[in-house]
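The values are calculated or read from the model by the stated rules, or taken from the named source; none is laboratory data. Here the structure is a predicted model, which is why all the values come from computation and not from measurement. Cβ sites come from the backbone with ideal geometry, for glycine too, and all protein chains shown count toward neighbours.
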Amino acid sequence: MERTLRGWPSFPRELPEFDIEAAPSGPRELFLEWLDEAGEHVLAPHAVTLSTVDADGVPDARVVILKDVDGDTWAVATSSESPKGVQLAKNPFAALTFFWPGRGRQIRLRGPVELAAPEVSAADFTARPPASRVEAFIGRQSQVLEDPADLDRAAEEARRWVEKNPDVAPETWTRYLVTPSEVEFWQASHDRRHKRLRYRHEKDIWVKDRLWP
Ligand SMILES: Cc1cc2nc3c(=O)[nH]c(=O)nc-3n(C[C@H](O)[C@H](O)[C@H](O)COP(=O)(O)O)c2cc1C
């Protein structure tokens, strides 16, 4: 097994350049640049690993979709009753990790998390396609499903409800806003001299540090 794992390539032969000296003064601009670039090459560039910590201090992580980048906040959305929602209520800090193997790039962000205004969360919900709204209305995310027929029944009930109430969002649907205190950009290099640039938010300015690979 170990040999198989070691034999798999991680990155394509051609990798993009990362000119650290020319990096902008804040991470948002560079993030959007890399996201756009990734969008031309990889599937789901907006899929991101959201890491949280539970009440016992044990980390948890799962992939979600990035909903927006507004100013210095990165937004994701989920149910406040899901395990990650419960974890964020107890411990409102998170990390977001983007990995685009096709570009040899990783971006890591970490910082405090706030809830968007209820009308913003509601608008996020009503903008979802009907099937996604039904799925979110069913709720009970990550609970044990004893019988798949229970899901069919709940989905049918939710479908009827959503059809009759297209502008209503469940109170549990929530946009979470991550305002990073640190953002790190990582660019793979075939000679292993991977390039890393970290932005640290300090007294209202972004401090840039180049990191050892
Ligand atoms: C590509 C992808 C995108 C996903 N997007 C979301 C999302 O935006 N919101 C969400 O609640 N779950 C999303 N999921 C499902 C989560 O990964 C996870 O299974 C679910 O939210 C339950 O997580 P929890 O038990 O840690 O709360 C996505 C999964 C994948 C693979």
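Mind checking whether some residue in the range 56-70 is surrounded by 10 or more Cβ atoms within 10 Å (Cβ to Cβ) and assigned to a loop (DSSP other than H, G, I, E, B)?
The answer is no; no qualifying residue exists.
Pick from the range 35-55 the residues that are surrounded by 15 or more Cβ atoms within 10 Å (Cβ to Cβ) and hydrophobic (A, V, I, L, M, F, W, C): which of them is nearest to the chain's Cα centre (by Cα)?
So, considering only residues that are surrounded by 15 or more Cβ atoms within 10 Å (Cβ to Cβ) and hydrophobic (A, V, I, L, M, F, W, C), the one nearest to the chain's Cα centre (by Cα) is 48.
Those residues that are near the ligand (Cβ under 8 Å from one of its atoms), in contact with a Ser or Thr (Cβ under 8 Å, 6 or more places away or on another chain) and assigned to a strand (DSSP E or B), I need them from the range 71-91; list them, please.
77, 78, 79
Residues being at pLDDT 95 or above and within 27 Å of residue 187 (Cβ to Cβ): count how many of those fall in the range 71-101.
13
Mind listing whichever residues of the range 40-55 are near the ligand (Cβ under 10 Å from one of its atoms), in a loop (DSSP other than H, G, I, E, B) and either aromatic (Phe, Trp, Tyr) or touching a strand residue (DSSP E or B) at 6+ places or on another chain (Cβ under 9 Å) (or both)?
Correct list: 44, 46, 54.
For residues that are more than 20 Å from residue 97 (Cβ to Cβ) and not small (Gly, Ala, Ser), scanning just the range 21-34, find the one that is surrounded by the most Cβ atoms within 10 Å (Cβ to Cβ).
In this case the residue turns out to be 24.
Which one of these does residue 94 not meet: (1) more than 12 Å from the ligand (Cβ to nearest atom); (2) crowded, with 20+ Cβ neighbours inside 10 Å?
All conditions are met except number (1).
Can you confirm whether the range 170-182 contains a residue that is surrounded by fewer than 19 Cβ atoms within 10 Å (Cβ to Cβ), more than 19 Å from the chain's Cα centre (by Cα) and without any contact (Cβ under 8 Å) to a residue 12 or more places away in the chain?
Looking for residues that are surrounded by fewer than 19 Cβ atoms within 10 Å (Cβ to Cβ), more than 19 Å from the chain's Cα centre (by Cα) and without any contact (Cβ under 8 Å) to a residue 12 or more places away in the chain, one finds none in the range 170-182, hence no.
With the requirement that a residue be at pLDDT 95 or above, basic (Lys, Arg) and surrounded by fewer than 20 Cβ atoms within 10 Å (Cβ to Cβ), what does the range 102-152 give you?
If the condition is that a residue be at pLDDT 95 or above, basic (Lys, Arg) and surrounded by fewer than 20 Cβ atoms within 10 Å (Cβ to Cβ), then 108, 110 are the ones that fit.
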